[in-house]
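Readers should treat all values here as calculations from the given coordinates under stated rules, not as data from a laboratory. Nothing here was measured: the structure is a model prediction, and the numbers come from that model. For neighbour counting, all protein chains shown are included, and Cβ atoms are generated from backbone atoms with ideal geometry for every residue, glycine included.
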Amino acid sequence: MIDKDLLQSYPVKRLKPIDGLSVTADVWDEAHEYHRQCQRYHDLLAHGYGIVAGMEVIASSPADSQVYIMPGMAISPTGEQIVLAQPVSYDLGKAADMLLLLLSYGESKPTPDPGGSDGARLYIHSGGEVDVRPTLPAGPCIELARIRRMQKDAPITDAADPAHPQVNQIDLRYRRVLVQPTPVVSSVAVVYMGARGDGGHGKGMDLMVRSLNTSASLRASVDDGVGLVSIDSYTLVHLTGQAAFQMKPEEMNALYTYVQNGGTVFIESTRAGLASGEPASDAIFTDLLGSFGIKLEEVRAGHDLLSNPNLFGAPPVGYEGPGKGKLLAGGGVVMSTADYASLWRGASRAGSATREEIRAAHEWGANLVAYAQSRRNVPKK
């Protein structure tokens with residue numbers, strides 16, 4: 001809804017220059033103030049006020065009474081642009097109880113440029129002013145963070161769980177953020193071991209990623225038929241097969257190095273088209289993980305693969321149907337015997353999969369991509 005008071009005060013009159021007009025300081029100021037007001041009202045009416053980018057608040061390391069506001073940009077409730085080009089530290093001192101870290105727009109008094117030679121030129125410096133209060137003031141400001149500090153000398157830390165900050169931890173949940181960051185594009189490689197067959201898993205991965213790309217938080221791209229020696233730059237590698245196969249030493253080395261460097265491998269044999277029994281590739285994949293020293297455990301409720309960004313109480317139904325197929329994970333490897341990739345393209349052992357089965361499988365695929373991306377984002381020690 002449009003703020004009517006804001007519209008009432010919108011500048012509708014501007015100075016018209018004419019020959020002979022004496023350009024005094026007041027005239028110059030009036031002309032430029034019109035443009036400044038238009039910019040402020042554009043920002044407020046088109047975008048609103050809040051944090052445009054950056055300005056994350058982090059704790060000092062080692063933890064003490066200081067916090068740091070990282071570089072960024074915000075629009076104040078009155079429309080001024082506030083830019084922090086360098087990190088700003090703020091010492092909470094002995095302040096305790098509920099503490100709101102607030103940012104407001106500020107201007108300096110007109111002063112000469114210290115490095116200038118012309119003392120007649122005066123400059124106004126604009127920037128952000130940081131303050132801490134127990135409640136939001138009546139004046140225009142933006143909340144950057146809040147901290148529930150129980151003791152006056154308690155060190156301030158980052159929240160271990162940003163969704164549920166504890167006492168003496170930085171709470172960023174109440175920040176007014178105007179622009180959400182563009183999601184990183186995760187890269188997915190589909191690697192066929194042995195005969196490629198109909199390439200069904202590549203088709204399934206592609207369809208799942210198309211569904212994922214309609215969300216606001218995740219993006220991914222798929223390369224089908226990638227060689228194992230070329231996987232080092234990918235976020236997620238989907239290793240698939242059905243018949244027996246052999247791996248070359250250089251392929252095994254490439255796969256092992258990839259996992260050790262933070263990559264994620266999704267192993268799943270193609271069950272579509274197999275009349276009965278287990279695919280021969282399953283046993284080879286299991287032996288391969290054993291040679292790497294990777295131990296897998298059954299994925300249960302609460303695991304990231306079942307909770308981020310979509311919540312599942314248990315792994316969803318795969319190609320084989322309810323009660324069939326396991327989902328295992330460990331050491332950067334996710335292994336499924338449910339054949340989700342076949343279900344991603346609408347196939348099912350019973351014939352055509354239902355819309356609900358396909359949707360659930362696609363949503364779990366988004367969890368898989370998010371899981372792989374989170375592993376890639378972990379800093380290497």
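A compact table of results
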item: For the chain: relative contact order, % (alpha-carbon pairs under 8 angstrom, 6 or more apart); result: 11
item: For the chain, share of DSSP beta bridges that run antiparallel, in % to the nearest 5; result: 65
item: Modelled FRET efficiency - R0 45 Å, ASP64 with LYS295, Cβ distances, 0.05 increments; result: 0.65
item: Cα-only Debye scattering, segment 140-214: base-10 log of I(q)/I(0) at q = 0.16, 0.20 Å⁻¹; result: -0.76, -0.93
item: With 20 Å bins from 0: P(r) over the chain, alpha-carbon pairs, percent; result: 22, 37, 29, 11, 1
item: Rounded tilt (10° steps) of 249-260 against the dominant C-alpha axis of the chain; result: 40
item: Largest-first principal axis extents of the Cα set of segment 185-377 (Å); result: 42, 40, 28
item: Antiparallel bridge percentage (DSSP; both residues within segment 185-377; nearest 5); result: 30
item: Partners for LYS13 among aspartates and glutamates (Cα-Cα distance below 12 Å; same-chain residues under 8 apart left out); result: GLU30, GLU33
item: Helix 200-212 vs. the chain, principal-axis angle (Cα, 0 to 90°, nearest 10); result: 20
item: Net charge over other residues, Cβ less than 11 angstrom from the Cβ of ALA254 (K, R count +1; D, E count -1); result: -2
item: Fewest-first ranking of CYS38, CYS141, using other Cβ atoms within 10 Å as the exposure measure; result: CYS38, CYS141
item: Degrees, to the nearest 10: 25-46 long Cα axis against longest axis of the chain; result: 30
item: Relative contact order [Cα under 8 Å, 6+ residues apart], segment 153-301, whole percent; result: 20
item: Taking SER22, SER281 and counting other C-beta atoms within 10 Å, the order from fewest to most; result: SER22, SER281
item: Within-12-Å neighbourhood charge of ARG210 [Cβ basis; K, R +1; D, E -1]; result: +2
item: Semi-axis lengths, Å, segment 74-231, gyration tensor of Cα atoms, sqrt of 5 times eigenvalues; result: 48, 25, 15
item: Euclidean distance between Cα centres, segment 1-44 to segment 47-67, Å; result: 33
item: Label zone at ALA283, where the point sits 7 Å out along the Cα-to-Cβ direction: segment 205-245 residues whose backbone N lies under 20 Å; result: 240-245
